[in-house]
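The values are calculated or read from the model by the stated rules, or taken from the named source; none is laboratory data. Since the model is a prediction, treat every value here as computed from it, not as a measurement. Every residue, glycine as well, gets a Cβ built from its backbone with ideal geometry; the counts of neighbours run over all protein chains shown.
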Amino acid sequence: MPHHRPAPPPRADRHVRARGTRRGVRRAVLAAGVVGLLVAAGAACGDAGGLEGAGSTPTAVSPERLWPDLPPASSPAFDIDEVNTEVVKGVTVPGGAIRRVAPVEVVRREIAAHPDDYDGSTAPYRGTAARMPDCDGSGPERGRCPVLRAYYRDLTGDGRDELTLGFRLLPGELTAVRVYTVEKGRLVQIMGWEDAVSGVELAGRSLIIRSPSEVAGYEYRLQWTWDADQNAMLLTHDEMRRTGGRPHAPRPARTPGATPAPSGTGTGSPSGAATASPSPTGTAAVGGR
């Protein structure tokens, strides 16, 4: 699968304002006295205290634009579902509380909406549908149930938790990762991806997926971050990073993801759900092999 690597968003400028206070003046005077004592002590020990060179500095090279006469592209060459949102039909959100939505029921709705992917002996993910009955009574991530543990964290910045959900696409080594939020009482998918997964993390208000690479000692690192203008989590970073480890097994070909759009009604409380740390600087593992 070709990997599109969009340019990272510009970082906001940081402004530092100097502020003079009496306490600051007092600290400056004390600091000057301490420096004087240190200089005197250094001179007494025979140390000149001079500056030492840190070596040569590389010359800065400005960017060079290549092929300036090349006409700019007007449309993307590959569709990677940059804005992947859809209302999950048939799943209610009691009281607007996303924690009261059953993750297993959400997966069932997606399976029902895409029978070509899950139903029949030739369906690529028929093993996932075959194991869904094992989720009854046992909860996610127990026994043969393909639905992984659910995680909750505020990823949109509105003070309410979103649901991060994963489930195995069987047979095979692929894992589906989804993020859902509640809008006007409806459950809405705001991110979806399927890949061979080495690990998944929640970091601040971003979701990061690490996947094996065909290149020995490297892995792919993809990061989705909430974008208020698009009302979705966008793929903001797509990079190859060195791991220093042994080469991974060949990466399975990715099948375009499915988004839920069936009808019906499903309610319930999530079983086996775990809460990720709400700290914006914390990291919580979501799943992996």
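Observations on the structure shown:
- Residue in region 141-153 that is closer than 20 Å to ARG241 by Cα, under 13 Å from the mean Cα position of the chain (by Cα) and either among the polar types (S, T, N, Q) or outside any loop (DSSP other than H, G, I, E, B) (or both) present: no
- Inter-residue pairs, beta-carbon under 7 Å, first farther than 22 Å from GLY159 by Cα and modelled with pLDDT of 95 or more and in region 85-98, second among the aromatic types (Phe, Trp, Tyr) and not in a helix (DSSP H, G or I), 6+ apart: none
- Residue within region 186-208 that is surrounded by fewer than 15 Cβ atoms within 10 Å (Cβ to Cβ), among the acidic types (Asp, Glu) and modelled with pLDDT of 95 or more present: no
- Checking each residue of region 168-181 against the condition of being out of contact with any Asp or Glu (no Cβ under 7 Å at 6 or more places or on another chain), part of a strand (DSSP E or B) and aliphatic (A, V, I, L, M) gives at least one match.
- Of all residues in region 82-112, those satisfying the criterion of being under 13 Å from ARG178 (Cβ atoms) and assigned to a strand (DSSP E or B) are GLU86, VAL88, VAL91.
- The set of residues in region 193-218 being in contact with an Asp or Glu (Cβ under 7 Å, 6 or more places away or on another chain) and not in a loop (DSSP other than H, G, I, E, B) consists of ALA196, ILE208, ILE209, ARG210, SER211, PRO212.
- Flag if ASP227 is farther than 26 Å from ILE111 by Cβ, among the charged types (D, E, K, R) and free of Cβ contacts under 8 Å to residues at least 12 places away in the same chain: yes
- Residue check for THR156: modelled with pLDDT of 95 or more, surrounded by fewer than 22 Cβ atoms within 10 Å (Cβ to Cβ), under 18 Å from the mean Cα position of the chain (by Cα) and closer than 26 Å to SER211 by Cβ: yes
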